[in-house]
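Data block below; observations after.
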Amino acid sequence: MTDPASNSTAFPPRAPVPAGVAATSWSRACAVWGALLVLAALALLLGPLVGSTRLDLARAFGFGVAPDEVNIDAVVFWSARFPRAMFGFLAGGSLAIAGATYQALLRNDLAEPFTLGVAGGASVGALLALNFLPLHIAFWVSPVLAFAVGGLAVAVIYGLTRMRGPRSAPATLILAGVTMNFLFGAAILLIQYISDPYQTMAIVRWLMGGLDIMSWRVCVAAAVLLVLAGGVLVAHARALNLLALGDMTAHHLGVSVERTRVVTLTASSLLAAFVVAYAGPVGFVGLMVPHVLRRVVGADHRVLLPATVLAGGSFLVVCDAGARALLAPGELPVGILTAFLGAPFFLWLLFRKG
Amino acid sequence: MPRTPTVGIVDAMSDALFDIERLSFAYPGRPPVLRDVSLRIARGDFIGLIGPNGAGKSTMLNLLTGWLRPTSGIVRFRGRALGEWSRRALAREIGVVAQAEEGIFPFTAEEVVLMGRYAHQPPLVGFDDPEDRAIARGVLALVGLEGFEQRPVGQLSGGERQRVFLARALAQCPQVLLLDEPTSSLDLNYKRDVFRLLERLNREQGLATFVVTHDVNLAALYCRTVIVLHDGAIRAAGPPDEILDEALLDSVYRTTVEVLRGADGAPVVTIRR
């Protein structure tokens with residue numbers, strides 16, 4: 001400890017900050033975001049080139065195309081592949097930032113929409129809409145029902161952690177999530193059972209998770225939601241930092257714990273439910289991306305949350321391209337690929353030391 | 001024994017920070033943890049709250065921070081009921097060092113201390129300005145953790161971590177410091193360092209200090225006032241060398257103790273074999 005005789009007037013004491021010491025600042029944040037933005041641009045431009053029809057990126061942008069020539073490359077790129085990549089980017093970004101938020105609020109890095117049962121609940125909600133409502137209504141109602149049932153899962157999980165006290169084991173939470181998934185799985189089976197065979201096939205395909213929604217309207221809706229709900233989460237990044245240390249600590253340091261929790265859980269569950277409603281339950285993106293990023297850019301949510309959007313988006317676009325390449329000229333639903341990647345990752349997290 | 005002990009050396013109303021009136025608390029369906037406790041904490045006070053396990057010490061502290069709401073009675077801070085304060089405004093006045101911290105993410109010591117600046121920063125978006133960072137480094141140096149700034153807190157020893165949390169509370173620039181067993185995991189030398197630092201801040205800055213501890217001797221050495229809590233009620237309050245006698249401690253701790261005198265006159269409590 002310092003000498004009691006030293007400078008006793010200034011309190012709290014100030015000490016010089018050495019130049020060049022890494023700290024969370026705009027410059028560091030922008031460096032991280034800039035690098036990930038380049039990555040995202042590359043994924044969005046190169047990802048769409050993968051597929052059954054070979055495309056030339058230059059021609060897609062109109063270079064080297066004769067005036068009277070039909071530009072097949074541009075048509076395929078802009079009307080099919082790029083919207084799909086864009087939706088994949090928005091979906092991956094939404095899932096990743098939702099996962100990072102759940103992890104901070106529950107102080108559990110195994111938490112994410114899929115493992116908590118949020119994706120399962122959202123699936124039930126979306127299927128209810130898609131099976132029992134006329135399609136043109138269901139198309140826009142399914143995210144609402146997805147949020148309602150998915151939000152129920154969050155509320156149950158969250159209530160359990162509160163009942164078990166602050167030091168409930170991480171595995172307890174995941175067991176609760178698995179149980180919720182059993183429950184929702186049974187509900188999905190029930191819906192399938194009472195559906196006609198054609199619908200059942202559609203449900204099975206949807207449950208594999210896929211990005212083959214080539215609608216700009218869904219893309220725009222996803223982008224608006226990501227900007228709004230993601231904006232809310234980023235605005236609460238500092239409060240999330242404090243909540244990650246513990247509810248009581250956050251309270252002591254000036255956070256309105258209940259209000260912050262309701263706002264951030266709602267925003268993250270909205271994002272997760274929207275993605276599930278259109279892409280199906282794509283798992284583990286919200287688990288892997290925040291975990292890897294925390295190791296690279298640190299734990300500060302002010303930097304981390306925007307970074308998870310960029311990295312999660314790029315990751316899902318690359319996964320989707322990979323899924324198309326693996327079974328070319330057919331394609332593999334991207335949810336199957338993320339599950340094959342994510343499940344071992346999850347086991348590693350579960351069984352690592354400590 | 002006075003029913004409503006007024007404790008502390010400074011008794012001017014303007015210096016009053018906490019005013020606790022007939023506070024009772026019970027968890028739903030359980031017998032009361034605290035019964036009709038009244039006390040006052042003023043600027044310049046150095047109060048130790050001691051008592052056996054289960055006496056209600058930590059509950060008392062959680063009522064002062066607003067984490068728990070009293071079943072009856074009222075906690076006032078600077079004349080206003082705790083519930084009328086915003087969380088942010090309170091966090092600029094009250095620094096807390098609590099027992100358990102659950103964090104699992106790789107925050108560095110400096111990042112954790114900077115979180116103490118939360119209530120002083122604009123509420124939503126933004127990063128820490130140079131002033132915040134200078135304060136973070138200053139308080140880390142004050143608790144003897146110079147050079148630990150970039151170390152992840154998860155990799156620090158229990159004692160180092162506890163001092164990081166003390167530094168964070170100091171970074172809040174509080175008028176009053178509430179501490180729950182701040183030295184329970186520290187070695188003797190660090191126990192002394194922490195209490196010397198608290199004593200010095202109290203003397204030089206008038207920083208009111210309210211420390212919950214099971215360590216009677218540490219409280220007797222450093223606190224100007226000791227409050228003995230037993231079965232949810234204040235059994236005695238006053239200067240340690242006046243109130244810590246064998247009869248009181250025997251009945252509170254349900255054992256037989258011997259009160260000796262240390263070299264500087266402070267009571268030293270030990271059990272009889």
Neighbour-limited loop hits for trypsin sites (Lys or Arg not before Pro), the range A:253-354 (at most 12 other Cβ within 10 Å; DSSP other than H, G, I, E, B): A:ARG352, A:LYS353
Simple spin-label estimate for A:ARG259 and A:PHE340 in nanometres, 7 Å along Cα-Cβ: 4.9 nm
Net charge contributed by nearby residues that have their C-beta within less than 14 Å of A:LEU304 (K/R +1, D/E -1): +2
Heavy atoms of A:HIS291 accessible to a 1.4 Å probe, total area in Å² rounded to 10: 20 Å²
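Give the carbon-plus-sulfur fraction of the accessible surface of the range A:70-352 in %, rounded to a whole number; probe 1.4 Å, heavy atoms of protein chains only. Don't skip to the end; give the middle numbers.
Numbers: 8110 of 10490 Å².
Ligands and nucleic acids excluded, carbon and sulfur reach 77 percent.
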B:ASP250 paired with A:ALA328, simple spin-label distance in nm, labels 7 Å along Cα-to-beta-carbon: 9.1 nm
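What fraction of the Cα pairs in the range A:203-252, stated in percent, has a spacing above 15 angstrom? Mind dumping the intermediate values first?
Values: 802 of 1225 pairs.
Tail of P(r) above 15 Å: 65 percent of Cα pairs.
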Contour minus Cα-Cα distance for B:THR270 and B:GLU204 (0.36 nm per residue): 20.6 nm
Chain A, Cα convex hull volume normalised per residue, Å³: 174 Å³
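Per residue of B:132-138, what is the mean number of Cβ atoms on other protein chains within 10 angstrom of that residue's Cβ? All intermediate terms of the calculation are to be shown ahead of the outcome.
On the way: counts 2, 8, 6, 6, 5, 7, 10.
So the per-residue partner count for this stretch is 6.
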Relative pair counts by distance (%), Cα atoms of the range B:31-100, 10 Å bins: 16, 53, 30, 2
Sequence-separation-based contact order of chain A, relative, with Cα cut under 8 Å and 6+ spacing, percent: 30 percent
Virtual paramagnetic centre 7 Å along Cα→Cβ of A:ALA148, amide N under 15 Å, in the range A:110-132: A:121-132
Spatial extent of the range A:48-155: Rg and Dmax, with the Cα atoms as the point set, Å: 19.7, 60
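With a Förster radius of 35 Å, plug the Cβ-Cβ distance of A:LEU190 and A:ARG217 into 1/(1 + (r/R0)^6) and report the FRET value to the nearest 0.05. Each step should come with its number before you reach the end.
Working: r = 31 Å, r/R0 = 0.88.
Efficiency computed from Cβ-Cβ geometry: 0.70.
Which number comes out as Rg/Rh for the range B:69-186 once both Rg and the Kirkwood Rh are worked out on C-alpha atoms?
1.00
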For B:166-175, mean number of other protein chain Cβ atoms within 10 Å: 2
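If you take the alpha carbon radius of gyration of chain B and divide it by 2.2 N^0.38 Å, what ratio comes out, to two decimals? Write out the running numbers ahead of the final one.
Working: Rg = 18.7 Å, N = 273, 2.2 N^0.38 = 18.5 Å.
The value comes to 1.01.
Taking a quarter of the surface of the convex hull around the Cα atoms of the protein assembly as shown, what do you get in nm²?
Numbers: hull surface 135.2 nm².
Mean projected area of the Cα convex hull: 33.8 nm².
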Mean Cβ count within 10 Å, highest first, over the residues of peptides B:207-219, A:333-345, A:117-129: A:117-129, B:207-219, A:333-345
Exposure of B:CYS223 as accessible area (Å², to 10), given a probe of 1.4 Å and all protein chains: 10 Å²
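The values are calculated or read from the model by the stated rules, or taken from the named source; none is laboratory data. This is a predicted model, so every value here is computed, not measured. No Cβ is skipped: glycine too gets one built from the backbone with ideal geometry, and neighbour counts run over all protein chains shown. Heads up: the accessible areas ignore ligands, DNA and RNA and are worked out on the full protein's heavy atoms, side chains in. Shrake-Rupley method; radii C 1.70, N 1.55, O 1.52, S 1.80 Å.
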